[in-house]
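Heads up: the structure comes next, in structure tokens.
Here, each number is a calculation from the coordinates, and none is a lab measurement. Computed from a prediction, not measured in an experiment: that's the story for all the values here. Cβ placement follows ideal geometry from the backbone for every residue including glycine, while neighbour counts extend to all protein chains displayed.
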Amino acid sequence: MCRGRCRYAIPKVDQGDRDKLVKASRALESDPIGKDAKKNREWATQWVIQVPDISVEICAGYLGPLLGSKYTYETELNSQEPISMTAFIIEHEDKANDRVAVHQAGVEGVLKAYESILKSKPDAKMEYLDGLIAKRGKGELKAYVEEVLTTKCRPQ
């Protein structure tokens, strides 16, 4: 047992698992309701939770109206945010501490998955998510992420 200031070495996860997470994230963004999506999502979610050297800050502020909604694909979209954030950190280690960039990557991942769902299920629209897509189209998504980050999210 350590008393006072302690340091523990956290082993890095091998690159193969990191690559697998990035691949799973991209697959889930492009086909979140496909035949392998549930299995990929479960694996990716467990990996994000258990990986010892990467952590993501969860903030419900970005997807608030989606949480607890009766939207058919709520689970698929809510789980995409931390998966996309983790993939971003793996691909951009130099930006791992840039909270805005990491959170924006999570929101972008959700929007990509949503747009993919709409391709095969055009009636699966959600006004709130359509509004975020409009913000992205006008170049306002980063400002929105910054605002939510400063008003509705606490740093961990």
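Of everything listed in (1) over 18 Å from residue 141 (Cβ atoms); (2) buried (at least 19 other Cβ atoms within 10 Å of the Cβ); (3) touching a residue at least 24 places away in the same chain (Cβ under 8 Å), the single unmet condition for residue 87 is (1). When you look at residue 49, is it within 17 Å of residue 133 (Cα to Cα), among the aliphatic types (A, V, I, L, M) and more than 11 Å from the chain's Cα centre (by Cα), yes or no? No. If the condition is being out of contact with any helix residue (DSSP H, G or I) (no Cβ under 8 Å at 6 or more places or on another chain), assigned to a helix (DSSP H, G or I) and not aliphatic (A, V, I, L, M), then region 35-53 contributes 38, 39, 42, 46, 50.
Out of the residues in region 92-113 that are in contact (Cβ under 8 Å) with a residue 60 or more places away in the chain and buried (at least 21 other Cβ atoms within 10 Å of the Cβ), which is farthest from residue 15 (Cα to Cα)? Of everything passing the filter in region 92-113, 113 is farthest from residue 15 (Cα to Cα).
The selection criterion, being under 15 Å from the mean Cα position of the chain (by Cα), surrounded by 20 or more Cβ atoms within 10 Å (Cβ to Cβ) and part of a loop (DSSP other than H, G, I, E, B), holds for residue 56.
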